[in-house]
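Undergrad: This structure is in structure tokens; I'll ask about it shortly.
The values are calculated or read from the model by the stated rules, or taken from the named source; none is laboratory data. All values reported here derive from a predicted model rather than from experimental measurement. Glycine gets a Cβ as well: all are built from the backbone with ideal geometry, and neighbour counts include every protein chain shown. Surface accessibility is based on the protein's heavy atoms, side chains included, excluding ligands, DNA and RNA. Shrake-Rupley method; radii C 1.70, N 1.55, O 1.52, S 1.80 Å.
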Amino acid sequence: MTKKIYNFSAGPAVLPTAVLKKAQNELLSLGGIEMSVMEISHRSKHFEAILSEAINGIRELLSVPENYQILFLQGGASLQFSMVPINFLGKSEAADYIVTGTWGKKAVKEAKRCGSVNTIFSTAEANFKSVPTQDELSFSEKANYVHYTSNETIEGVEFKYDLDGKGIPVICDASSNILSKPFDVGKYALIYAGAQKNIGPSGVTLVIVRDDLIERVPENQHSMLDYRALAENNSMLNTPNTWGIYIINLVCEHLIKHGGLIEMEKKNEEKAKLLYDAIDAGDGFYLGHADRTARSLMNVTFRLPSEELEKQFTIEATARGLDGLKGHRSVGGIRASIYNAFPKEGVEELVEFMKDFAQKNG
Ligand code: PMP
């Protein structure tokens, strides 16, 4: 047997083994139809059943109310940085943005092409270590919406609450913590997430959008950028990512079978605690990036005393079967991404390695 590799990649990321095995088993013949899911028409009854099961799976897991549409789009979460303002931010209008990391900053850049952006809260100058409390936020009077990133994947900072827009529609990039815990979807006008962390493979973007927001899509919008047209056509205005949606359906089935998002949150809290405790127990050898109150359950980021040691750390970790720990190229350091499907044993293995490494090099 090959040596077990624990995959700490930030995304595309580890998927449940049971899901990969099921996909492998039916790769050549989906449910006995003697064709692969990749070979059948997206208009076939077989695929339509998969699409509707995937939608129901997301609806059940996140308790999505009936007045929300669930879409599976393409172009990644990055296209949502543009699609949101293209649809909801006119030239002479304004939107509020909260910037707590690199992805939020990228969302602002695209929104500015459409209209006026009020960055009502930014932690950029303090190096993206924290998130605001609800009380620290005040929204602009005429904002069309407020946008924030519920978990910043690169810096490892996470909101611990569902933001209240106080009457302003809330739009959230939840790419890296969707399905990791329950969300109160009713508080949002639109939630989007690239699938490649907790939902499935890359190439599909989940969009959950409230009906009244869809009503605001301008007439004569480009079809592929038009939430209304995409919703009316059940995400099949063109050929969707059929394989991706198929895997999403399997992931949903798997999560429902294993206790849903309450259970996921419990497990994720346990795993993250192990790692943060190891960071805090290192006598200063390891320095967590995020403030304690904003520590992400999904992306645990920390530094070592020098860049040389960080390099050595990732080399030795990789040799021990702990893969993908190098921090994002823009910030350096170490990042352990521990999404839903990441096993607790892998975290324990990393904690052991951290102890050994600090003892040897501290
Ligand atoms: N937002 C967040 C929070 C992300 O983590 C990422 C990708 N890592 C993106 C947006 C961009 O996603 P995509 O590559 O699907 O465009």
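Undergrad: Could you list all residues from the stretch 108-120 that are out of contact with any helix residue (DSSP H, G or I) (no Cβ under 7 Å at 6 or more places or on another chain) and not in a loop (DSSP other than H, G, I, E, B)?
TA: Residues satisfying the conditions are 108, 109, 116, 118, 120.
Undergrad: Another question about this same structure. What single numbered condition from (1) open to solvent by 40 Å² or more (accessible area, probe 1.4 Å); (2) in contact with a His (Cβ under 9 Å, 6 or more places away or on another chain) fails to hold for residue 236?
TA: Of the numbered conditions (1) open to solvent by 40 Å² or more (accessible area, probe 1.4 Å); (2) in contact with a His (Cβ under 9 Å, 6 or more places away or on another chain), the odd one out for residue 236 is (1).
Undergrad: Given the criterion assigned to a loop (DSSP other than H, G, I, E, B), aliphatic (A, V, I, L, M) and either within 30 Å of residue 362 (Cα to Cα) or in contact (Cβ under 8 Å) with a residue 60 or more places away in the chain (or both), identify the matching residue among 209, 217.
TA: When all the criteria are applied, what remains is 217.
Undergrad: Would you confirm whether or not the stretch 71-81 contains a residue that is within 16 Å of the ligand (Cβ to nearest atom), in a loop (DSSP other than H, G, I, E, B), in contact with a Gly (Cβ under 9 Å, 6 or more places away or on another chain) and hydroxyl-bearing (Ser, Thr, Tyr)?
TA: The answer is no, given that none of the residues of the stretch 71-81 is within 16 Å of the ligand (Cβ to nearest atom), in a loop (DSSP other than H, G, I, E, B), in contact with a Gly (Cβ under 9 Å, 6 or more places away or on another chain) and hydroxyl-bearing (Ser, Thr, Tyr).
Undergrad: Follow-up question, since we're still on this one. Report the residue count in the stretch 1-58 for those that are in a helix (DSSP H, G or I), of a type in the set (Lys, Arg) and farther than 27 Å from residue 345 by Cβ.
TA: Number satisfying all stated conditions: 1.
Undergrad: Only residues in the stretch 16-33 that are of a type in the set (Asp, Glu) count as the first member; pair them with residues that are open to solvent by less than 80 Å² (accessible area, probe 1.4 Å), Cβ under 8 angstrom, at least 6 apart or cross-chain, and list the lot.
TA: 26/37
Undergrad: Another question about this same structure. Would you confirm, using the coordinates I've provided, whether residue 181 is more than 11 Å from the ligand (Cβ to nearest atom), touching a residue at least 40 places away in the same chain (Cβ under 8 Å) and either in a strand (DSSP E or B) or not hydroxyl-bearing (Ser, Thr, Tyr) (or both)?
TA: Judged against the criteria, residue 181 is a match.
Undergrad: Could you check, for the stretch 94-107, whether at least one of its residues is closer than 30 Å to residue 251 by Cα, assigned to a loop (DSSP other than H, G, I, E, B) and within 13 Å of the ligand (Cβ to nearest atom)?
TA: Yes - at least one qualifying residue is present in the stretch 94-107.
Undergrad: For the list (1) open to solvent by less than 50 Å² (accessible area, probe 1.4 Å); (2) touching a strand residue (DSSP E or B) at 6+ places or on another chain (Cβ under 8 Å), I need the number of the one condition that residue 340 fails.
TA: It fails just one condition, (2).
Undergrad: Quick one: in the stretch 244-276, of everything that is charged (D, E, K, R) and free of Cβ contacts under 8 Å to residues at least 24 places away in the same chain, which residue is least open to solvent (accessible area, probe 1.4 Å)?
TA: 263
Undergrad: While we're here: Tell me whether the stretch 192-199 contains one or more residues that are over 16 Å from residue 70 (Cα atoms), within 16 Å of the ligand (Cβ to nearest atom), open to solvent by 50 Å² or more (accessible area, probe 1.4 Å) and part of a loop (DSSP other than H, G, I, E, B).
TA: no
Undergrad: Residue by residue through the stretch 82-93, note down the ones that are more than 16 Å from the ligand (Cβ to nearest atom) and of a type outside the set (Gly, Ala, Ser).
TA: Start the filter on the stretch 82-93 by keeping residues that are more than 16 Å from the ligand (Cβ to nearest atom), which leaves 87-93.
Passing the criteria: 87, 88, 89, 91, 93.
Undergrad: Name the residue, out of 50, 55, 40, that is touching a His at 6+ places or on another chain (Cβ under 7 Å), within 16 Å of residue 243 (Cα to Cα) and more than 16 Å from the ligand (Cβ to nearest atom).
TA: Selected residue: 40, the only one of 50, 55, 40 that is touching a His at 6+ places or on another chain (Cβ under 7 Å), within 16 Å of residue 243 (Cα to Cα) and more than 16 Å from the ligand (Cβ to nearest atom).
Undergrad: Given the criteria of a type in the set (Asp, Glu), within 16 Å of the ligand (Cβ to nearest atom), modelled with pLDDT of 95 or more and open to solvent by 30 Å² or more (accessible area, probe 1.4 Å), does residue 152 qualify?
TA: no
Undergrad: Residue 135 is checked against (1) in a helix (DSSP H, G or I); (2) within 28 Å of residue 221 (Cα to Cα) and fails just one. What number does that condition carry?
TA: (2)
Undergrad: Return the residues of the stretch 138-164 that are assigned to a loop (DSSP other than H, G, I, E, B) and over 23 Å from residue 79 (Cβ atoms); say none if nothing qualifies.
TA: 138, 139, 140, 141, 142, 156, 160, 161, 162, 164
Undergrad: If only one of 124, 107 is within 23 Å of residue 213 (Cβ to Cβ) and open to solvent by less than 50 Å² (accessible area, probe 1.4 Å), which one is it?
TA: 107
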